[in-house]
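Asker: My structure is below; once you've seen it, I'll send some questions.
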Amino acid sequence: MPSDAAEVLTAAGYTVDTFDTSEPPPRDEIIARTRGCAGVITMLSDRVDDKFLDAVGSSLRIVANYAVGFDNVDLEACKQRNIRVSNTPGVLTEATADTAWALILAAARNVAEGDRVMRTGKWSGWAPTQLLGLELNGATLGILGAGRIGSAVARRSIGFGMRVIYTDTTTNEMLEKELGAERVDLDRLVAESDVLTLHIPMTPEARHLIGAARFKAMKPNAVLINTARGPIVDESALVEALRNKEIAAAGLDVYENEPRVAPGLAELPNVVLLPHLGSATTTTRGKMAAMAAENVIAVLTGREPPNAVV
Ligand code: DGY
């Protein structure tokens, strides 16, 4: 984590223990070093459940998750122990929308495959049918989940001249007024999107929402983008869909079992794979760190955490 969060906490008078590795430390070590702490700043790769909370002991008062998503935290288990949970909403919206667009362009226009062709010396010269992709102008962008990030992705489509449709539990007035976006049900979203991009939180209902049947219902030229959470997509079914050309391409930033990817996925030329970089800009990761530190300080000084989840 950007180091100023530790500095902010230290300046506020707290003793801070940080893991100085860029790889996630082993769970046992996290538990051992969290034992006796009043607060912990967790990464999205840290599972905070009954086992974790029992093992770290009763001193813990806040779990400040360094992510907007908090599916790694068992909220009920925290509630039962009067432990507050916070996240980092808002500050990563634009960076994550940029990442979704990086994947849209890369997957639609064979950017990664083109780069591989060049690097491996396989380019024998210009050819009229080499690596033909999807023309975004005039294509339909489907947004599953028109919240903060989904809306930011939709807004970026103006410059590309795309039609926007979305699926959400409520109407997004801003998208409808500014972009002429149309709210549709999931069946229509899947069937009509040329680019389908996922922006819903990970909940039990969201698990494998996009699976074999949905791939069959998509257009053969469609591109699937996932910067939300891996388990929303049935990754093995995606491998089959890409292999059998049921859809044209995919761009993924998140995976069902991070950091592993489904067998066969990395061998496919029509998928672009990023290592969960959604919010990875210096500015955004710094803001997320400051936010996590603020939430810890709020709880430890008896105030309401500004970004409380529970
Ligand atoms: C989040 O904050 O949930 C993102 O996945 C991190 O980039």
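Asker: In square nanometres and to one decimal, what's the mean projected area of the convex hull around the Cα atoms of segment 93-273? Could you put the intermediate results ahead of the total?
Answerer: Numbers: hull surface 41.8 nm².
Over every viewing direction, the Cα hull of segment 93-273 projects on average to 10.4 nm².
Asker: Give me the number: length gained by fully extending E176 to E205, i.e. 0.36 nm times residue separation minus the C-alpha to C-alpha distance, one decimal in nm.
Answerer: On the way: separation 29, 0.36 × 29 = 10.44 nm, distance 2.62 nm.
Answer, rounded to one decimal: 7.8 nm.
Asker: Using the eigenvalues of the Cα gyration tensor, what equivalent ellipsoid semi-axes result for segment 194-247 when each is taken as the square root of five times the eigenvalue, whole Å, largest first?
Answerer: 18, 12, 9
Asker: If every alpha-carbon in the chain counts as one equal scatterer, what log10 I(q)/I(0) does Debye give at q = 0.07, 0.09, 0.10, 0.16 1/Å?
Answerer: -0.31, -0.51, -0.62, -1.27
Asker: Below 8 Å between Cα atoms, with a sequence gap of 6+, how large is the relative contact order for segment 93-273 in percent? Working shown, then result.
Answerer: Values: 332 pairs, mean separation 38.1, N = 181.
Relative contact order for segment 93-273 comes out at 21 percent.
Asker: How large is the accessible surface of K79 in square angstrom, using a 1.4 angstrom probe and rounding to the nearest 10?
Answerer: 110 Å²
Asker: Also, I was wondering about something else. Determine the share of segment 93-273's accessible area contributed by carbon and sulfur atoms, expressed in whole percent, with a 1.4 angstrom probe.
Answerer: Carbon and sulfur: 54 percent of the exposed surface of segment 93-273.
Asker: Per 0.36 nm of contour for each residue apart, how much would the distance between S3 and N221 grow if the chain were fully extended, relative to their Cα-Cα spacing?
Answerer: Length gained, S3 through N221: 74.0 nm.
Asker: Can you work out ³J(HN,Hα) from phi for every residue in segment 162-170, in order, using Karplus 6.51 cos²θ - 1.76 cosθ + 1.60 and θ = phi - 60°, giving whole Hz and x for Gly and Pro?
Answerer: 9, 7, 10, 10, 8, 10, 7, 6, 10
Asker: Hey, what do the phi angles of segment 217-229 turn into as Karplus ³J(HN,Hα) couplings, whole Hz, using 6.51/-1.76/1.60 and θ = phi - 60°, x for Gly and Pro?
Answerer: Values per residue, Gly and Pro as x: 7, 7, 5, x, 8, 6, 10, 9, 10, 10, 10, 8, 9 Hz.
Asker: Sort 133-141, 81-89, 8-16 by the packing proxy (mean of other Cβ within 10 Å over each peptide's residues), most packed first.
Answerer: Packing proxy ranking, top to bottom: 81-89, 133-141, 8-16.
Asker: Just read off the accessible area of H276 with the full protein assembly in place, 1.4 Å probe, to the nearest 10 Å².
Answerer: Surface accessible to solvent at H276 totals approximately 40 Å².
Asker: Could I ask something else about it? Which log10 I(q)/I(0) values, to two decimals, does segment 75-119 give at q = 0.28 Å⁻¹ under the Debye formula with one point per Cα?
Answerer: Taken in order of the listed q values, log10 I(q)/I(0) reads -0.92.
Asker: In Å², and per residue, what accessible area does the chain have when probed at 1.4 Å with the other protein chains present?
Answerer: The answer is 49 Å² per residue.
Asker: Using unit Cβ charges (K, R positive; D, E negative) and no other charged atoms, how large, in debye to the nearest 20, is the dipole of segment 93-273 about its Cα centre?
Answerer: Values: 19 positive and 23 negative charges, 81 e Å.
About 380 debye.
Asker: For the chain, which DSSP H helices look membrane-span-like by this rule: Cα extent along the axis of 24 Å or more and mean Kyte-Doolittle of at least -1.0?
Answerer: On the way: long enough: 282-300 (27 Å, 0.61).
Once both thresholds are applied, what remains is 282-300.
Asker: Defining a contact as two alpha carbons under 8 Å apart and six or more residues distant in sequence, what relative contact order in percent does the chain show? Please list the in-between numbers first.
Answerer: Working: 557 pairs, mean separation 64.7, N = 310.
For the chain, the relative contact order is 21 percent.
Asker: Compute a Gaussian network model of the chain, connecting alpha carbons closer than 10 Å, and tell me which residue from T42, T93, T18 fluctuates the most.
Answerer: Taking springs between Cα atoms under 10 Å, the residue moving most is T18.
Asker: Going Cα to Cα from K79, which aspartates and glutamates come in below 17 Å? Please leave out same-chain ones fewer than 8 positions away.
Answerer: D49, D50, D54, D71, E304
Asker: Of G211, A289, L196, which is farthest on the positive side of the dipole of the chain, counting Cα position, with +1 on Lys and Arg Cβ, -1 on Asp and Glu Cβ, and the Cα centre as origin?
Answerer: Looking along the dipole axis, the top candidate is L196.
Asker: Using only Cα atoms, locate the centre of segment 166-209 and the centre of segment 46-72, then give the distance between them in Å, rounded to an integer.
Answerer: Here the two parts' Cα centres lie 31 Å apart.
Asker: If a paramagnetic tag sat 7 Å from the Cα of A12 along the Cα-Cβ line, which residues of segment 250-289 would have the backbone N under 15 Å from that point?
Answerer: 287-289
Asker: Once the dipole of segment 85-134 is set up with Lys and Arg at +1 and Asp and Glu at -1 on Cβ about the Cα centre, which of G90, V111, W123 lies farthest towards its positive end?
Answerer: Of the listed residues, the answer is W123.
Asker: Further, regarding this structure: Ranked highest first by average number of other Cβ atoms within 10 Å, how do 218-230, 165-177 line up?
Answerer: With the highest mean Cβ count within 10 Å placed first, the list reads 218-230, 165-177.
Asker: Looking at the chain, what % of its DSSP beta bridges pair antiparallel, to the nearest 5?
Answerer: The antiparallel fraction comes to roughly 5 percent.
Asker: Let me ask something else about it. Antiparallel versus total DSSP beta bridges in segment 93-273: what percent is that, nearest 5?
Answerer: Percentage antiparallel, nearest 5: 5.
The values are calculated or read from the model by the stated rules, or taken from the named source; none is laboratory data. Values in this document were obtained by computation on a predicted structure and should not be read as measured data. Positions of Cβ are generated from backbone atoms using ideal geometry, with glycine treated the same way; all protein chains shown enter the neighbour counts. Only protein heavy atoms, including side chains, enter the accessible area calculation; ligands, DNA and RNA are left aside. Shrake-Rupley method; radii C 1.70, N 1.55, O 1.52, S 1.80 Å.
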